[in-house]
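The values are calculated or read from the model by the stated rules, or taken from the named source; none is laboratory data. Here the structure is a predicted model, which is why all the values come from computation and not from measurement. Note that we place each Cβ from the backbone using ideal geometry, even for glycine, and neighbour counts take in every protein chain shown. Keep in mind that these areas ignore ligands, DNA and RNA; they rest on the heavy atoms of the full protein, side chains included. Shrake-Rupley method; radii C 1.70, N 1.55, O 1.52, S 1.80 Å.
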Amino acid sequence: MEATSRPPDGPFGLLAELTYECPLHCPYCSNPLALADYREELTTAQWRRVLAEAAELGVLQLHLSGGEPLRRRDLVEIVHRAAERGLYTNLITSALGLSPRRAEQLRAAGLDHVQISVQADDPALSDRLAGTPSFERKTAAARLVKELGWPLTLNVVLHRHNIDRIDRVLALAEKLAADRVELANTQYYGWAWRNRRELLPSTDQLRRAEAVVRAARERLKGRMEIIYVLPDYHGRYPKPCMGGWGRRQLTVVPNGDVLPCPAAHALPLPRASVHEHSLAWIWERSPLFTRFRGTAWMPEPCRSCDRRELDFGGCRCQAFQLTGDAARTDPVCHLSPDHGIVVEAVRAAEEAVRADEGAVRADDDAVLPRGGVLTPRPHPSRPA
Amino acid sequence: MRTVSDTDRPRLAPHARMAFDPARERHVLLAPEAVAVLGGSGSAVLGLCDGERTVAEIVAELHRRYDHVSDDEVRLFLARLAAKRYVEVSDGSDE
């Protein structure tokens with residue numbers, strides 16, 4: 001293998017998608033469409049081995065996610081094992097199921113940080129997007145997190161139907177005394193990909209959103225950190241996906257498959273599984289992790305581009321999704337020969353937003369324009 | 001970015017921690033969804049941030065231990081970590 005095969009620093013973070021069970025039905029969910037394929041979940045003992053191998057490999061941060069990780073009855077045990085290994089543990093949750101008792105057990109087990117999602121600042125809109133009454137329970141859980149002395153991150157996934165409300169989302173975050181707020185523009189994988197036509201915001205919406213974020217960052221400096229995940233469809237260059245393929249992070253999904261990025265389920269490469277190999281082998285040797293590592297795999301225009309070490313050719317999963325070939329330049333890059341695909345998607349979004357604005361008042365609280373078109377993400381056990 | 005003053009008494013924020021990473025043989029700073037790999041000087045500075053020592057005392061201690069210490073770099077390092085809220089500074093002058 002070439003010298004770039006094993007990056008010297010190894011992986012820093014492990015995203016553990018413990019289960020795809022989830023009480024919410026968010027239409028922008030990044031979980032795979034074939035949810036039923038992941039019902040045979042790793043056991044507690046298997047996760048224990050994965051955590052031990054991850055720590056050996058140099059992983060320092062564990063992100064416990066899903067689905068809803070609180071659906072796993074052994075979550076406290078998993079956190080305890082991770083803390084024993086010195087991992088910094090982040091719980092990424094809808095907060096449904098975070099009772100005071102469970103929270104105290106997690107605190108005692110050594111959980112370091114909690115990230116709670118809300119779908120909007122407005123209870124009715126948030127519940128409608130989540131597909132279940134949940135807003136009040138989320139805010140109650142956020143207060144509980146602060147009472148127990150945890151740092152709190154509030155996460156809101158942004159799209160056409162809530163991006164005009166960032167100022168009010170930030171006011172909610174302040175009210176809940178969040179330490180960090182993550183405003184994450186939807187990334188179009190999984191269920192979000194299926195709902196892209198209805199989720200993609202217009203360029204005007206984004207311009208307004210960015211102005212609000214800039215002003216809020218200035219105002220809240222030193223008090224609350226605002227992370228704004230850029231919408232790559234509207235940018236000139238692609239996102240540096242995962243900080244480079246197989247370079248800083250790995251993901252283990254509920255059935256034990258290991259992925260370089262949480263959207264890589266469907267890539268046409270041999271799968272890598274903790275049932276068959278060690279994490280070290282998968283990280284260092286598996287075709288899935290080595291195929292797009294470094295820069296040697298790149299086609300033009302990436303190969304000779306000055307930015308090849310900055311954005312690594314963009315997202316492999318997105319290239320695959322949009323062109324059918326994971327080895328092409330990410331089409332969101334304006335230099336990509338396939339960029340027209342993205343331009344067309346954005347143009348369609350502009351048109352849809354104009355139509356929506358004609359149909360409803362822009363500021364109509366708790367109303368999803370043309371509701372019912374979004375496909376809610378189903379329960380894994382009850383396929384759509 | 002707020003600058004740090006000589007009377008500030010910096011300490012690690014409760015949600016951040018410094019650890020030795022055996023895989024990389026380096027000290028690291030761990031915080032919510034963030035990892036910073038520290039150089040030798042960074043870990044030396046952070047190791048002195050106990051909420052008791054003032055910035056002036058930290059700088060003096062570093063001079064006692066090491067030959068080449070840039071006072072400005074130490075202050076800038078702490079100001080950067082304070083801006084990220086990995087380090088808290090309580091002003092000692094109003095005690």
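For chain A, the mean residue ellipticity at 222 nm estimated from helices alone is -10500 deg cm²/dmol, where every DSSP H run of n ≥ 4 contributes -39500 (n - 2.57) and the total is divided by all residues, rounded to the nearest 500. For the stretch B:1-50, a decrease in accessible area of 40 Å² or greater in the assembled protein chains relative to the isolated chain, with a 1.4 Å probe, applies to B:15, B:17, B:24, B:30, B:32, B:33, B:35. Give the residue list of trypsin sites (Lys or Arg not before Pro) in the stretch A:17-97 that are DSSP loop and have at most 13 other beta-carbon atoms within 10 angstrom. Sites meeting the loop and neighbour criteria: A:39, A:73. Extension gain, residue A:308 to residue A:379: 0.36 nm times the residue separation minus the Cα-Cα distance gives 21.6 nm.
How large is the dipole of the stretch A:178-303 about the Cα centre if only Lys and Arg carry +1 and Asp and Glu carry -1, each at its Cβ, rounded to the nearest 20 debye?
With Lys and Arg at +1 and Asp and Glu at -1, about 340 debye.
Out of all DSSP beta bridges in chain A, what portion is antiparallel? Express it as a percent rounded to 5. For chain A, the DSSP antiparallel bridge percentage is about 10. Volume per residue for chain A equals 135 cubic angstrom (convex hull of Cα atoms).
Between residue A:300 and residue A:146, the C-beta separation translates, for a Förster distance of 51 Å, into a calculated FRET efficiency of about 0.50.
Coupling constants for the stretch A:185-193 follow from the phi torsions by the Karplus curve (6.51 cos²θ - 1.76 cosθ + 1.60, θ = phi - 60°), and in residue order they are 4, 3, 9, 8, 10, x, 5, 4, 4 Hz; glycine and proline get x. Only helices reaching 15 angstrom along their own axis (Cα) with mean Kyte-Doolittle hydropathy no lower than -0.5 count here, and for the DSSP H runs of chain A these are A:44-57, A:339-359.
What base-10 log of the normalised intensity I(q)/I(0) is obtained for chain B from the Debye formula, alpha carbons as equal point scatterers, at q = 0.23 Å⁻¹? These q points yield log10 I(q)/I(0) values of -1.24.
Of the residues A:47, A:193, the one with the largest accessible area comes first in the ranking A:193, A:47, computed with a 1.4 Å probe on protein heavy atoms. Computed from label points 7 Å out along Cα-Cβ, the spacing between residue A:34 and residue B:5 is 6.3 nm. What is the calculated FRET efficiency for residue B:71 to residue B:50, with r their C-beta to C-beta distance and R₀ = 25 Å, to the nearest 0.05? Rounded to the nearest 0.05, the efficiency is 0.85. As a ratio to 2.2 N^0.38 Å, the alpha-carbon radius of gyration for the stretch A:13-229 is 1.02. Does the stretch A:27-154 come out rounded, prolate or oblate by the C-alpha gyration tensor, with a ≥ b ≥ c the root eigenvalues, rounded set by a/c under 1.5 and, if not, prolate when a/b is larger than b/c and oblate if not? Here the stretch A:27-154 falls in the oblate category.
Modelled this way, with points 7 Å down the Cα-to-C-beta line, the labels at residue A:334 and residue A:102 are 4.6 nm from one another.
Using the Cβ-Cβ distance between residue A:171 and residue A:354 with R0 set to 35 Å, the FRET efficiency works out to roughly 0.80. Accessible surface ranking for A:375, A:19, 1.4 angstrom probe, highest first: A:375, A:19.
Solvent-accessible area lost on pairing A with B (1.4 Å probe, both sides summed) amounts to about 1600 Å².
Between residue A:220 and residue A:341, the modelled labels are 3.5 nm apart [label points 7 Å from Cα along Cα→Cβ]. Near residue B:63: Cβ cut-off under 14 Å, other residues only, Lys/Arg at +1 and Asp/Glu at -1. The net charge is -3.
How compact is the stretch A:121-215 by the rule of thumb for globular proteins, expressed as Cα Rg over 2.2 N^0.38 Å?
Relative to the 2.2 N^0.38 Å estimate, the stretch A:121-215 comes out at 1.13.
Dipole magnitude for chain A: about 300 debye, using +1 per Lys or Arg Cβ and -1 per Asp or Glu Cβ, origin at the Cα centre.
What does a probe at residue A:227 reach in the stretch A:158-187, counting residues whose amide N is under 18 Å from the point 7 Å along Cα→Cβ? Correct set: A:158-159, A:170, A:173-174, A:177-187. With protein chains left intact and a 1.4 Å probe, residues in the protein assembly as shown average 44 Å² of accessible area per residue. Simple point charges give the picture: +1 on the Cβ of Lys and Arg, -1 on the Cβ of Asp and Glu, and for the stretch A:13-229 a dipole about the Cα centre of about 380 debye.
Here the accessible area is traced with a 1.4 Å probe on the protein chains. For the stretch A:1-86, carbon and sulfur cover 46 percent of it.
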